[in-house]
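This report refers to the structure that appears directly beneath it.
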Amino acid sequence: MISNQILQNTIDGLKAITRVDICVMDTEGKALATTISNADEYENAVLAFVDSPADSQVLQGYQFFKVFDEHQLEYVILARGESDDVYMIGKLAAFQIQNLLIAYKERYDKDNFIKNLLLDNLLLVDIYNRAKKLHIETDVRRVVFIIETKNEKDNNALETVRGLFSGKTKDFITAVDEKNIILVKELKPNETYDDMTRTAKVILDMLNTEAMTKAHVAFGTIVNEIKDVSRSYKEAKMALDVGKIFYSGRNVVAYSNLGIGRLIYQLPMPLCKMFIREIFDGKSPDEFDEETLTTINKFFENSLNVSETSRQLYIHRNTLVYRLDKLQKSTNLDLRVFDDAITFKIALMVVKYMKYMENQEY
C-alpha cells in the first residue's frame, strides 16, 4: 500500500503550508508518519477512537479523523495547531490520504491486470471488462519491450525505467520474473519500428549511466488491440532468446528483424540433430581447430571473397585456398560454392541453437 515515506512527504507539505501538526497512525496506535515529537503518547487515545462509532472527534486537544479503504478503517489522522481551521485542515489531510489510497490501489490493480494480460491468464471478455473498469483504452497502438538486466531483482534498473516513463501515464512498467522488466508502451499513430529501436537505445543508455547496469532490450511487433498485447510479449521473449543465441553482439533485438534465426529457433531438436549428422557425418564444428573456425567466420564476413579474406587474415591467397580445400575434404562442402556456403552457415547456427537448448535444460 502507501509507503511511510509518501505519507511523511504528504504531511510535511501540509504542515509547511498550514503550520498545523499532523500525525498518521495505524489502527493499533503506531505512528507511521508524523510532524509531532510525542506521537506515541496518544496510542491509547487512538485505540479508543478506533472503537468509537464517530468518524471525527476531539481527544486530548487533538482533532482525530478516520480514513477508510472501502469501509475498512486504514488510518487515523491527528491534527493540532493554533489556527481555528485545524478541523478543516485535518479533514483535508484525511481527504488527501484517502485519494492516495485510491490511486495506489488503482495502480496495483492495473499492474495485476497487465501481468495477467501478458501471461494470457484472462478470458477475452474479462480483458475488455477489466480494461473498461480500470480506464485503460483497448484500441490503441502498443508494443511490448523486455529489458533483461545482468542482476536478478535489480531495483535500481526498475526504478530507472519507471522514472524514464513515469510521466507517460498510458505506459505500463511491470515485472513477471526476477530478471526481466516489462514495458508496455503506447504509441502515437506515426511511430515506427525505427522509433522503437531508438527508444530501446535510450533505455540502455539510461540504465548504463543511472543504474550502472548492462542490459539487453527486445521488443515485439506493434499491436492495435489490447487483446494482442500478450502476442507482442511472446514475440519480445523470442527475440530476446534468439538474440542471445545468434546475435550476441547486439544489445537491441527486434522480433521483426530476426532473420533466419527465427526459423531455426522453432525447429524441433530431433530434426536439428538429424540435420547436423547429415552435414557433418557425426562430427561437430567444435572439433574444428581455432584457425579453421577463424577462417570460416572471416570468409562469411567478407561474402565469400577469397582476396579480401586472405588480406584481412594476413595470409597468402593460396594459404586460404589450401584451408578451404582441407575443409572441403573433411565436410564435403566447398565454401566457395554459394549453396554449400549457405548449408554450412545454417549448420553452424543450428549447432549454436542446440547448445543453447542443452544449457537451458540444466
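Brief remarks follow.
- Residues located in region 171-196, provided they are surrounded by fewer than 16 Cβ atoms within 10 Å (Cβ to Cβ) and not in a loop (DSSP other than H, G, I, E, B): 193, 194, 195
- Index of the failed condition, residue 238 passing every other in (1) in contact (Cβ under 8 Å) with a residue 40 or more places away in the chain; (2) open to solvent by less than 60 Å² (accessible area, probe 1.4 Å); (3) assigned to a helix (DSSP H, G or I): (1)
- Restricting the search to strands (runs of 3 or more DSSP E) fully inside region 1-93 and requiring at least 1 residues that are polar (S, T, N, Q) and out of contact with any Phe, Trp or Tyr (no Cβ under 7 Å at 6 or more places or on another chain) gives 31-34, 72-80.
- Checking residue 55 against (1) open to solvent by 40 Å² or more (accessible area, probe 1.4 Å); (2) within 30 Å of residue 175 (Cβ to Cβ), the condition it does not meet: (2)
- Within region 310-362, considering residues that are of a type in the set (S, T, N, Q), under 24 Å from residue 279 (Cα atoms) and in a helix (DSSP H, G or I), the one least open to solvent (accessible area, probe 1.4 Å): 331
- Residues (under 22 Å from residue 352 (Cα atoms) and either surrounded by 13 or more Cβ atoms within 10 Å (Cβ to Cβ) or among the charged types (D, E, K, R) (or both)) located in region 298-309: 298, 299, 300, 301, 302, 304
- When residues of region 261-295 are limited to those that are among the hydrophobic types (A, V, I, L, M, F, W, C) and open to solvent by 70 Å² or more (accessible area, probe 1.4 Å), the one nearest to the chain's Cα centre (by Cα): 263
- Of all the criteria given as (1) acidic (Asp, Glu); (2) within 18 Å of the chain's Cα centre (by Cα); (3) modelled with pLDDT under 85, the one not satisfied by residue 205 is (3).
The values are calculated or read from the model by the stated rules, or taken from the named source; none is laboratory data. Please read all numbers here as calculations on a predicted model, not as lab measurements. Virtual Cβ from ideal backbone geometry, glycine too; neighbours counted across all protein chains shown. SASA here: full protein model, heavy atoms, side chains in, ligands and nucleic acids out. Shrake-Rupley method; radii C 1.70, N 1.55, O 1.52, S 1.80 Å.
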